[in-house]
Amino acid sequence: MAELTKLESKLGEVTGLAMAAQAATEKVSGLAEGEDETVRARLSQMHQEAVETEERCTALAGTLDGKKTAILDEARATKAKGAEMMKTYLDADSDALDGFEFLTMAEAGEVGHWSVLKALNESAGDPGIATLVEWALPIQQRHLAGVVEGSVKLAANEDPGEPA
């Protein structure tokens with residue numbers, strides 16, 4: 001297998017996070033069955049954007065000579081870590097608020113990873129990665145703001161005196 005640079009490895013990680021985000025938005029959408037339609041619509045949009053992010057990342061990986069397989073292996077490893085975190089955090093007793101709180105952590109991680117990829121590429125100067133980051137980072141920032149907003153909205157409907 002081809003050895004990856006730090007830049008290529010980070011591309012694999014953000015690809016894997018997009019893969020994991022698809023599973024997470026599906027899981028949280030199930031937890032949010034009875035919630036306001038705007039909450040569910042946000043999750044649907046996030047899911048579709050995660051699909052597109054994975055596709056764009058995979059296409060870019062395919063342009064890196066002999067590196068696509070290794071980058072996608074890195075992506076699958078990252079996706080597996082995300083799945084394990086979700087399994088640990090969201091158990092059988094989880095509700096929509098728990099789901100949105102999990103997504104808040106996940107989206108913060110995605111914003112961080114995309115920001116690191118951007119910083120690494122400032123030295124590397126890869127135009128494909130620059131274009132991808134320019135497209136994806138604002139989306140991830142919007143996702144983070146949206147899940148924080150969703151968490152707060154769901155929390156506002158909770159009875160703070162009710163047993164946990």
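The values are calculated or read from the model by the stated rules, or taken from the named source; none is laboratory data. Computed from a predicted structure; not experimentally measured. Here the Cβ positions follow ideal geometry from the backbone for every residue, glycine too, while neighbour counts run over all protein chains shown.
Values as computed for the structure displayed
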| item | result |
| --- | --- |
| Any pair with Cβ under 9 angstrom, 6 or more apart, that starts in the range 127-146 at a residue that is farther than 15 Å from G109 by Cβ and free of Cβ contacts under 8 Å to residues at least 60 places away in the same chain and ends at one that is among the polar types (S, T, N, Q) and buried (at least 18 other Cβ atoms within 10 Å of the Cβ) | A130/N121; V133/N121 |
| When residues of the range 122-164 are limited to those that are of a type in the set (V, I, T) and under 18 Å from the mean Cα position of the chain (by Cα), the one farthest from D36 (Cα to Cα) | I129 |
| Selection status of S94, among the hydroxyl-bearing types (S, T, Y), in contact (Cβ under 8 Å) with a residue 24 or more places away in the chain and in contact with a helix residue (DSSP H, G or I) (Cβ under 8 Å, 6 or more places away or on another chain) | yes |
| Single residue of the range 1-30 satisfying the filter (at pLDDT below 95 and aliphatic (A, V, I, L, M)) that is surrounded by the fewest Cβ atoms within 10 Å (Cβ to Cβ) | M1 |
| Some residue of the range 119-136 being within 27 Å of E84 (Cβ to Cβ) and not aliphatic (A, V, I, L, M) | no |
| Residue within the range 142-156 that is among the aliphatic types (A, V, I, L, M) and more than 22 Å from M46 (Cβ to Cβ) present | no |
| Residue among T78, T63 that is in contact (Cβ under 8 Å) with a residue 60 or more places away in the chain and not in a helix (DSSP H, G or I) | T63 |
| Hits in the range 38-51 - residues which are closer than 15 Å to A24 by Cα and surrounded by fewer than 19 Cβ atoms within 10 Å (Cβ to Cβ) | R40, A41, S44, Q45, H47, Q48, V51 |
